[in-house]
Amino acid sequence: MEDKHEMYRASVSLHKERVNKNPSRMEYVIKKFEEYGIKYELKNEENCHFHVWRKSDEELFEFWAGTGKIKGTEVRGINNLIEILLA
């Protein structure tokens, strides 16, 4: 039984570490968006959720800076997102 509790505490701890990095991740992606002239809107500061628009056709993409998730794609990360947005 104690093993399950230890695993739970470890996962909670890892989650807290990840969440604590969110503000710096958010600052970094905002800097990147501005550097490349990408239109963005911060939708949820707590989970670092952004709406961003592709330059060529204004298609909306959703991005979570905390995880690097790009909704509707198999790729992750700000660099992959920027490639998509500048295409």
Seminar exercise, completed: Expected output for region 65-78 (first residue within 18 Å of LYS43 (Cα to Cα) and of a type in the set (S, T, N, Q), partner open to solvent by less than 90 Å² (accessible area, probe 1.4 Å) and in a loop (DSSP other than H, G, I, E, B), Cβ below 9 Å, 6+ apart or cross-chain) is THR67/ASN47; THR67/CYS48
For this session: For residues that are among the hydroxyl-bearing types (Ser, Thr, Tyr) and under 22 Å from SER24 (Cβ atoms), tally how many sit in region 53-79.
Result: 1
Problem set entry | Unmet criterion (only one of (1) modelled with pLDDT under 95; (2) out of contact with any strand residue (DSSP E or B) (no Cβ under 8 Å at 6 or more places or on another chain)) for ASN47 | (2)
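Pull up region 39-52, narrow it to residues that are open to solvent by less than 40 Å² (accessible area, probe 1.4 Å) and not aromatic (Phe, Trp, Tyr), then point me to the one that is nearest to ASN79 (Cα to Cα).
Only one residue tops the list, namely VAL52.
Please verify whether LYS55 is open to solvent by less than 80 Å² (accessible area, probe 1.4 Å), among the basic types (Lys, Arg) and more than 11 Å from the chain's Cα centre (by Cα), treating the condition exactly as stated. Break it down into steps so the answer makes sense when it comes.
Numbers: open to solvent by less than 80 Å² (accessible area, probe 1.4 Å): no; among the basic types (Lys, Arg): yes; more than 11 Å from the chain's Cα centre (by Cα): yes.
No, not satisfied.
Can you tell me which residue in region 58-71 is farthest from the chain's Cα centre (by Cα), limited to those that are of a type outside the set (Asp, Glu), open to solvent by 40 Å² or more (accessible area, probe 1.4 Å) and at pLDDT 95 or above?
LEU60
The values are calculated or read from the model by the stated rules, or taken from the named source; none is laboratory data. Predicted model, so just to flag it, every value in this text is computed and none were measured. Neighbour counts are summed over all protein chains in view; Cβ atoms, including those assigned to glycine, are modelled from backbone coordinates with ideal geometry. Ligands, DNA and RNA are stripped out before the accessible areas are found, and what is left, the full protein with its side chains, is counted by its heavy atoms. Shrake-Rupley method; radii C 1.70, N 1.55, O 1.52, S 1.80 Å.
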